[in-house]
Amino acid sequence: AQKVTQAQTEISVVEKEDVTLDCVYETRDTTYYLFWYKQPPSGELVFLIRRNSFDEQNEISGRYSWNFQKSTSSFNFTITASQVVDSAVYFCALSLYGNKLVFGAGTILRVKS
Amino acid sequence: GAGVSQSPSNKVTEKGKDVELRCDPISGHTALYWYRQRLGQGLEFLIYFQGNSAPDKSGLPSDRFSAERTGESVSTLTIQRTQQEDSAVYLCASPRRRAGSPSEAFFGQGTRLTVV
C-alpha cells in the first residue's frame with residue numbers, strides 16, 4: 001500500500017528565510033505520481049505541482065522549487081525568501097495510475113513578519 | 001461549472017440524524033473523490049469514482065457512510081445516524097481529464113459538518 005510521511009508537523013520561519021518541507025513516500029509500484037497542495041487559512045486546497053516517477057528533474061517555479069529523489073523516496077519542497085502569504089498547511093500526496101490520491105498529514109508553515 | 005461546487009457549505013445536525021452532502025464536479029471530469037478532514041488533521045480518503053468503473057469504497061469508515069454518483073456529474077455522500085466523531089470538513093475533488101495518468105485534482109470549498 002502507498003504511504004506518505006511528512007515528518008514536520010509545524011515549521012515557523014521569519015519572512016525572507018528559505019524553508020524546506022520534507023515528504024517521504026512509500027510504494028512498490030514503479031509508476032506513480034507525486035503532488036504538492038497548499039491549504040491556506042481559507043481552507044480550499046490549491047494544486048502546486050504534479051510529478052511522475054520517470055521524471056527526476058528538479059523543478060523551479062518562481063520562489064518554489066521541488067527536489068525529487070527516487071533513491072531516497074523523497075519529494076521535498078523549498079520556498080525561497082518566504083513571505084507571510086506563504087503561511088498555510090502544505091500537503092504532499094501520492095497516486096498510482098488511475099488510483100486515489102493518498103495524502104500526508106500535512107505541514108503547517110507559519111511565516112512571521 | 002468553472003470549479004467544483006459543494007453544498008451545503010455548513011451543516012449542523014443532531015446526533016442520530018442522516019445528512020446528505022452534495023458535490024458538483026467540473027463539467028467533463030470523469031473522476032471524483034471524497035475526502036474527510038478533521039480539525040487540524042490531514043485528508044482522509046473516503047471514496048473514489050472513475051467513469052463507469054466500480055467505485056473504490058475502501059476508505060469509507062463504516063456502513064453508515066455511502067456515496068453515489070449519477071453518470072459523470074453530481075455525487076452525494078450520505079451519512080446515516082450521524083455521530084459526533086463524524087464532525088469534519090468533507091471535501092470533494094475532481095481531477096482534470098488527462099490521458100493515461102492521474103492529474104491534479106481540483107478541490108471544492110468543502111462542507112463543514114458539525115454533529116451536536
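The numbers here are math on the coordinates, done by the rules we state, and not lab data. In this text the structure is predicted, and so the values were computed from the model without any measurement. Cβ sites come from the backbone with ideal geometry, for glycine too, and all protein chains shown count toward neighbours.
Per residue and in cubic angstrom, what volume does the convex hull of the Cα atoms of the stretch B:1-73 have?
Values: hull volume 8.4 nm³, N = 73.
Hull volume normalised by residue count: 115 Å³.
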Using a ≥ b ≥ c from the Cα gyration tensor of the stretch A:53-113 (square roots of the eigenvalues), is it rounded, prolate or oblate, where a/c under 1.5 gives rounded and otherwise the larger of a/b and b/c decides, a/b for prolate? oblate
Dipole of chain B [Lys/Arg +1, Asp/Glu -1 at C-beta], most positive-end residue of B:SER62, B:ALA31, B:VAL4: B:VAL4
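Roughly how many debye, to the nearest 20, is the charge dipole of chain A about its Cα centre, given +1 on each Lys and Arg Cβ, -1 on each Asp and Glu Cβ, and no other charges? Provide the component values of the computation, followed by the final result.
Details: 11 positive and 12 negative charges, 38 e Å.
Roughly 180 debye, rounded to the nearest 20.
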What shape does chain A have by the C-alpha gyration tensor, where a ≥ b ≥ c are the square roots of the eigenvalues, rounded means a/c under 1.5, and otherwise prolate means a/b greater than b/c and oblate the rest? prolate
Loop only by DSSP, 16 or fewer other Cβ within 10 Å of the Cβ. Give me the trypsin sites (Lys or Arg not before Pro) in the stretch A:20-113 that pass, ordered by residue number. A:ARG28, A:ARG63
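Which whole-number percentage describes the relative contact order of chain B, with Cα contacts under 8 Å and a sequence gap of 6 or more? Please list the in-between numbers first.
Working: 280 pairs, mean separation 42.0, N = 116.
It comes to 36 percent, rounded to a whole number.
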Distance between Cα centroids, the stretch A:31-85 to the stretch B:1-71: provide it in whole Å. 25
